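Below is one structure; the comments refer to it alone.
Read the figures in this text as sums done on the coordinates, not as results from a lab. Everything numeric here is computed off the predicted structure, so don't read it as measured data. Reconstructed Cβ throughout: ideal geometry from the backbone, glycine too, with neighbour counts over all protein chains shown.
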């Protein structure tokens, strides 16, 4: 079902009303990270439980710091509720943090008005988790893909750009006159990726880009995403709860738990030799053929995860 709120958030990420037309893509000076996050926190207050008692505070992010180099493929992995999607929304300028600093291509993102974030809308785009709820069902594909170009008032032949991007994501340009409901889930996510690439960004944020898709098409979409990152020389920040997805696409990974980054490093190193008990729990929870052949059951995996989590809690 189409989610109006999700589509509104999506439009905020891809469209900004500018004051003047400027070149779309900026390149930061050498040595300046594409994304720089320093001591980021984000608190939410839940609804009050009574007239005299304020609602409890939820600490979604607790002092998160990270850097993503230009051209890097950076993965953020963790269980649901660990704060990874909140972090991504703050990077995209869709939310403001409670404290801390975020800079993109050397320019501050935090504490700025929406109108002053034009540089961010041109240089950073977001691919959402559920393509069906983030695509307006009343719009044709050509209008969906061209929406950032129109919203940012970027010149050029929009029809040619739409055809180029549809071909780049593996769709026939002739489908531009169709509506989102006429496509499969994997095809809709390809359309979402094409829309994100329309204004030629330098940074692509992907929030669980394949978790809503059938297993049979996940690898196809990940391969398309990986190829496009190489073709357009993008910096990729990918959020997922699946270590396998991050390992397939990203060269570096940060593991989040309870709003904090508990481990970071090269993906192969974190996957093959995790040092934090929570990371060990995530790796242990990945089902493999070897585990199945050895007779290990899902209950055994769950028990191992609980033991690792208890050990991690004891260290905290």
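Highest mean packing first, where packing is the average number of other Cβ atoms within 10 Å per residue, the peptides 151-159, 193-201, 164-172 line up as 193-201, 164-172, 151-159.
Short version: what are the Cα gyration tensor semi-axes of region 207-256, square root of 5 times each eigenvalue, largest first, in whole Å?
Working: eigenvalues 53, 47, 14 Å².
Semi-axes from the Cα gyration tensor: 16, 15, 8 Å.
For region 241-289, the ratio of Cα radius of gyration to the globular rule of thumb 2.2 N^0.38 Å stands at 1.04. Peptides 178-191, 109-122 ranked from most to least packed by the mean count of surrounding Cβ atoms within 10 Å: 178-191, 109-122. Where q = 0.13, 0.15, 0.19 Å⁻¹, what log10 of I(q)/I(0) comes from the Debye formula for region 135-262, counting one point per Cα? Relative scattering, expressed as log10 I(q)/I(0), comes to -0.56, -0.73, -1.09.
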